[in-house]
Amino acid sequence: MKLSVIILNYNVRYFLELCLKSVEAAIANIDAEIIVIDNNSPDDSCDMVKQLFPAVKLIENKENLGFSKGNNIGVAKAKGDYLCILNPDTVVAEDTFTKLIKFTDSKDNLGIVGCQLIDGKGKFLPESKRNIPTPKVSLKKVLGSTNDYYANHLSSEDTGKVDVLVGAFMWLKKEVYEAVGGFDEDYFMYGEDIDLSYKIVKAGYDNFYFGNTTVIHYKGESTLKDSKYAKRFYGAMQIFYKKHFKQNLIFNAVVWIGIKIAQFMRKNPEEEDVTLNKCYLYSNDFDTVEQLPKPLQSEATIQDNVESNSMIVYDFELLKASIVMADMKQKSKQENIVFRFLLKNSKFIIGSDSATNRGEVLHF
């Protein structure tokens, strides 16, 4: 088998459905499997997978085992030569995996490959490609300088070597994953992607950023950015420094002070209150019209020009994900454009405009 797609889910049933539909389209011509590990979600995620995606291999954990252990459980069952570690709050393009197979099959000494991630508003996510967050680099980031934190030697469309990729989308050979011991289970959530990236670099492999395919990552859907998040995030960074950097009293004191400064200076992104003046529906299905904001303009093809302060609804039964993502990136340059997806054979519209909430689901 060529590919195993590993999706660890917790309590994001509707985003998981969207993700799985995009993955099914992307593996249509690939010898591949999908493995979903559910960390004891309180919603009906597991029932949904059983009903709508019977071919998916579902592992139901009886407790929330965290990101690292949950993914390791899934990888242990994987049969593919390649792994794609994928968040449930993502959407892949139809050609994402075929492009990556072509790219990575030609590479020797390959570590992790990441790709171009955009958020629910079509904006590029700079954490798609990062450098090693040494204490000095991390402190500079806290103080407002991100030049050394993000891998800015590559543009979002470029392809090249980087040190750190993001856990929302990681592509690598299973044998490499196993050679370094997979995700370190000392991390419950956060930091494990940095740790795995760094372990693989230290083992002599080359990590790559591949800018020739785009994946949507709805930041904030897998976990809310609350005080518990902050505690886990900064705790994960302490684990990382203890594992990978030489320890002494001065170093430990500097790291401790730096983390405390980061916690003190940390601010949640502010919610934007957007007043929508118009809605564009790209679909042949007009049964949803009454559920959408007015005035409404329905079209069967994507329009180049739309008004600012508008909602755009894409019907995935009519449009390819790759076309939708290209349009999102283009229209994200305008002011206050929000995006929603209408899924094939589903009775809801979904999207997210924020990194601090669970997103928006409109049932009809």
Checklist outcome for this item: Expressed in nanometres to one decimal, the distance between label points 7 Å along Cα→Cβ at GLU335 and ASP43 is 3.4
Checklist entry - For VAL75, what is the net charge nearby, where nearby means another residue's Cβ is under 9 Å from its Cβ and Lys, Arg count +1, Asp, Glu -1? => result +1
Checklist entry - Which shape class, rounded, prolate or oblate, goes with segment 28-115 when its Cα gyration tensor gives a ≥ b ≥ c as root eigenvalues, a/c under 1.5 marks rounded, and past that a/b bigger than b/c marks prolate? => result prolate
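So if we plug the beta-carbon distance of LYS278 and ASN131 into 1/(1 + (r/R0)^6) with R0 = 35 Å, what FRET efficiency do we get, rounded to 0.05?
After rounding to 0.05, the efficiency reads 0.25.
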Checklist entry - For ASN305 and ALA326 in one chain, what is 0.36 nm times their gap in residues minus the Cα-Cα distance, to one decimal in nm? => result 6.1 nm
Next on the checklist: Keeping all protein chains in place and using 1.4 angstrom, which order do ASP193, ASP105, ASP95, ASP304 fall into by accessible surface area, from largest down?
Outcome noted: ASP304, ASP105, ASP95, ASP193
Checklist outcome for this item: Neighbours of ALA179 by Cβ distance under 12 Å: Lys/Arg at +1, Asp/Glu at -1, summed charge +2
Checklist entry - Applying the Karplus parametrisation 6.51 cos²θ - 1.76 cosθ + 1.60 with θ = phi - 60° to the phi angles of segment 318-323, what ³J(HN,Hα) value in whole Hz is obtained for each residue in order, glycine and proline being reported as x? => result 9, 10, 6, 4, 5, 5
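The values are calculated or read from the model by the stated rules, or taken from the named source; none is laboratory data. This one's a predicted model, so the numbers in the text were calculated from it and none came from an experiment. Note: ideal-geometry Cβ built from the backbone for every residue, glycine included; neighbour counts use all protein chains shown. Ligands, DNA and RNA are stripped out before the accessible areas are found, and what is left, the full protein with its side chains, is counted by its heavy atoms. Shrake-Rupley method; radii C 1.70, N 1.55, O 1.52, S 1.80 Å.
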